[in-house]
1. Determine if segment 107-117 includes at least one residue that is surrounded by 19 or more Cβ atoms within 10 Å (Cβ to Cβ) and farther than 19 Å from residue 179 by Cα.
2. Picking from 109, 116, which residue would you name as being over 19 Å from residue 175 (Cα atoms) and under 25 Å from the mean Cα position of the chain (by Cα)?
3. For segment 159-173, which positions are surrounded by 18 or more Cβ atoms within 10 Å (Cβ to Cβ) and out of contact with any helix residue (DSSP H, G or I) (no Cβ under 8 Å at 6 or more places or on another chain)?
4. For segment 236-245, check the following and say yes or no: at least one residue is aliphatic (A, V, I, L, M), at pLDDT 90 or above and assigned by TED's automatic domain parsing to the domain that holds residue 296.
5. For residues that are in contact (Cβ under 8 Å) with a residue 60 or more places away in the chain and surrounded by fewer than 14 Cβ atoms within 10 Å (Cβ to Cβ), tally how many sit in segment 288-328.
6. Given 156, 179, which one is surrounded by 14 or more Cβ atoms within 10 Å (Cβ to Cβ), in a strand (DSSP E or B), at pLDDT 90 or above and not hydrophobic (A, V, I, L, M, F, W, C)?
7. Suppose the filter is more than 30 Å from residue 321 (Cα to Cα), touching a Leu at 6+ places or on another chain (Cβ under 8 Å) and basic (Lys, Arg); does residue 278 pass it?
8. Only one of these is hydrophobic (A, V, I, L, M, F, W, C), at pLDDT 90 or above, farther than 30 Å from residue 50 by Cβ and in the same structural domain as residue 176 (by TED's automatic domain parsing): 120, 112, 95. Name it.
Amino acid sequence: MKVLAVKKTSKHKQYDISTGTENFYAKVGEKWALIHNSPAVFAGTDPRDGKFFVAKKGIFNKNPKVYKTDAEVDADTSGDLAKKLKLSLKHFANLGIKGVIQGDLLFTKSDLKSEKIAGLDYLTFHPNTIVYAIEKGSKDAEEIKRAEIGVVWHTTYTGDDFESMKANYGVNVQALKKTSKVWQQDAMLRDLSNVATMSSKETDRVNAHLSRAGKIFNEISGSTLRELEQNQDLAQLIEQFNNTFVRSNTVITDTEQHVRNLINWIENKYQKEIDARKSERGKQTQRDKLSKILKFFSRENKRSLKKMFDLQKAIVSAKLMLINKLNGIKHIKSFYVTTNGFKSTGPEGYVAIDKLGDNAVKLVNRYEFSTNNFDPTILKGWSK
């Protein structure tokens, strides 16, 4: 696995991308980036009784759901998930975890496969949409073969109870006990600067996209933004409409036409609802909903909505440049499994973590990963 480090140098305003011994994380200045692709698991000490536990995301329910015995796992889960949680309970208990940490499960021994891809022999695991492939005979492959379970730890939680715990990105894996049964990685940075550096031309292009985005944002009407914020039904419709382009892998080019197409799509969607109602009262209810939605599309709001789509395009252009640069540094190869064989791909994406502000932003090439997620010809890790 590789750690990717991205460092902005003040002198030349360039971005250095570096690699280490892991490949699931990146650091951008004071920001971490995580390649996020696998089932979440929590492990640590229950602050209520001091006992070790593992958990799913139900840990933060009003009544926290944690597992301290195999029987508790079996009572709440089944199948492959139950097996993974019981293996987690057995092996993570030996790591000496202080407090609570969160990670992504990558594999258990039964998930590992030997595959020949493009004439090379790999050890692979397939936690979700992407297949990760490690060349056989490598140090990583030998360590993974000896392990019973693999995990990437990425978040530490602190607090006196589950309800008030605060997330802090990063886990000090060096403080955990070592065991060959657990192949574990963290977000520790191995700074090998200048492994890959964005050229001045590339940097200028990123800055140009971001500058354009800032200019466009200042041209968007504040009243339009407030109306959208207060009209969640319309906001959801816009999201649904845009997702149809992601599913069909269609890039939005003419944003003014995109607004017109959005209005037509909304009208057609509600017309289907009207036609589906048997009573006149039911039909009128849908007509009223449509009329209320369409009132938003004044001349000023349509102009601002076009600007919002222009803003989105500018930000996506900058994002894709950064993703493509990060994708160029790969130690562990990644593929999709299709009905016609393996298809090479980059990682699912990255999560940029602001260590100062404690915020997170996903960096995902939606036209690739999300489209492939919807593609029935691409087999997922859970597919039989």
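The values are calculated or read from the model by the stated rules, or taken from the named source; none is laboratory data. Small disclaimer: the values here were computed from a predicted structure and weren't measured. As a convention, Cβ positions derive from the backbone with ideal geometry for all residues, glycine included, and neighbour counts pool all protein chains shown.
1. No, the conditions are met nowhere in segment 107-117.
2. Working: 116 fails: under 25 Å from the mean Cα position of the chain (by Cα).
After applying the criteria, what remains is 109.
3. Those that are surrounded by 18 or more Cβ atoms within 10 Å (Cβ to Cβ) and out of contact with any helix residue (DSSP H, G or I) (no Cβ under 8 Å at 6 or more places or on another chain): 169, 170, 171, 173.
4. Within segment 236-245, the subset aliphatic (A, V, I, L, M) is 237-238.
Pick out the ones that are also at pLDDT 90 or above and you get 237-238.
Pick out the ones that are also assigned by TED's automatic domain parsing to the domain that holds residue 296 and you get 237-238.
Checked segment 236-245: at least one residue is aliphatic (A, V, I, L, M), at pLDDT 90 or above and assigned by TED's automatic domain parsing to the domain that holds residue 296.
5. Total satisfying the criteria: 2.
6. Numbers: 179 fails: in a strand (DSSP E or B).
Going through 156, 179 in turn, just one is surrounded by 14 or more Cβ atoms within 10 Å (Cβ to Cβ), in a strand (DSSP E or B), at pLDDT 90 or above and not hydrophobic (A, V, I, L, M, F, W, C): 156.
7. On the way: more than 30 Å from residue 321 (Cα to Cα): yes; touching a Leu at 6+ places or on another chain (Cβ under 8 Å): no; basic (Lys, Arg): yes.
Judged against the criteria, residue 278 is not a match.
8. Values: 120 fails: at pLDDT 90 or above; 95 fails: farther than 30 Å from residue 50 by Cβ.
Exactly one residue qualifies, and that residue is 112.
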